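This report concerns only the one structure given below.
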Amino acid sequence: MSPQRNHPAALGSTLDLALFDNLLDALAEAPDAEAALRQIDFCRRILAGPGIFSIQLNVTTRDDPRNEIHLQRFYSSRGDRFPVQGRKRKTLTPWTESLFAKGQVFVTEGSEALEQTFDDFAQMRPLGLNAAVNVPLMKERMCYATFNVFGTRGGWQPSEVLALRLLALSAARWVAPSPTLFYTLDAD
């Protein structure tokens, strides 16, 4: 192992590095997206604790109203509450602006902030979800999906956000953009 990999500041601990090393090996052998995303979800639970992980595919088409984003759930760690193939419509908000217009990570902390950000928070509240990290999956300058982690904590440490971003990068190869994807999002 190289000295850099043993450096404690690399991700917070050598345990994190070993976890990512094992994940990369497991992903190389994953037979399909479902198996790969289950491996990523296993690592997410170790890194972020209790909560939910999902991937929302951007399925916006030319026929959809301007400044609307249409999403379809591609993966869900809680399919009983948040089923795969479930759809939602988003308008221009700080969340959509960050992810879809700017291609930036969106971090939300506290139940009040989640309630203001997510219109389906009523479904999240009974699960004790209190914080979220949403990572855009990008193809060129277009966000074709979002990698979403919701936790039962008050906030996120920078090293945890970084680790979740790395998990999102690991997931990106298993999530193909919708073949009909088209959207225009006007953000000032």
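The values are calculated or read from the model by the stated rules, or taken from the named source; none is laboratory data. As the structure is a computational prediction, the values presented were derived from the model and not from experiment. Here the Cβ positions follow ideal geometry from the backbone for every residue, glycine too, while neighbour counts run over all protein chains shown. The area values use the complete protein model at the heavy-atom level, side chains included, leaving out ligands, DNA and RNA. Shrake-Rupley method; radii C 1.70, N 1.55, O 1.52, S 1.80 Å.
Can you list the GluC sites (Glu not before Pro) in the range 88-174 that are in a DSSP coil and have 16 or fewer other beta carbons within 10 angstrom?
Numbers: sites: Glu97, Glu109, Glu112, Glu115, Glu140, Glu160; in loops: Glu140.
Loop-located and lightly packed - Glu140.
Pick from Leu114, Leu162, Leu37: which is most flexible by mean-square fluctuation in a GNM of the chain where alpha carbon atoms under 10 Å apart are linked?
Sorting by GNM fluctuation, first place goes to Leu162.
What accessible area, in Å² to the nearest ten, does a 1.4 Å probe give for Thr91?
Only protein atoms counted, so the area is about 60 Å².
Using a 1.4 Å probe over the heavy atoms of the protein chains, calculate the carbon and sulfur portion of the accessible area of the chain as a whole percent.
Roughly 50 percent of what the probe reaches on the chain is carbon or sulfur.
Pick from Pro65, Pro177, Pro126 the residue whose mean-square fluctuation is largest in a GNM of the chain, springs joining Cα atoms under 10 Å.
Of the options given, Pro126 has the highest mean-square fluctuation.
Which value in nm describes the separation of the simple spin-label points at Thr91 and Asn22, placed 7 Å from the Cα toward the beta carbon?
4.6 nm
Label 7 Å along Cα→Cβ of Met138; the range 53-75 residues with amide nitrogen under 20 Å?
55-60, 69-70
When the Cα centres of the range 12-65 and the range 132-188 are compared, how far apart do they sit, in Å?
The distance from the Cα centre of the range 12-65 to that of the range 132-188 comes to 11 Å.
5 Å is the cut-off here: which amide hydrogens, built 1.01 Å from N in the peptide plane, fall below it relative to Arg78, excluding neighbours closer than 5 in sequence?
Residues meeting the criterion, in which the H sits 1.01 Å from N, are Phe53.
Amide H to amide H under 5 Å from Thr60: which residues, 5+ apart in sequence or cross-chain, H placed 1.01 Å off N in plane?
The list, which skips near neighbours in sequence, is His70, Phe182.
For a quick check, take a GNM of the chain with Cα springs below 10 Å and name the residue from Asp25, Asp16, Asp41 with the largest mean-square fluctuation.
Asp25
Per-residue HN-Hα couplings for the range 68-73, Karplus 6.51 cos²θ - 1.76 cosθ + 1.60 at θ = phi - 60°, whole Hz, x for Gly and Pro?
Result, ordered by residue: 10, 10, 10, 10, 9, 5 Hz.
So, for the chain, what is the accessible surface per residue at a probe of 1.4 Å, expressed in square angstrom? Don't skip to the end; give the middle numbers.
Details: 9790 Å² over 188 residues.
For the chain, the solvent-accessible area averages 52 Å² per residue.
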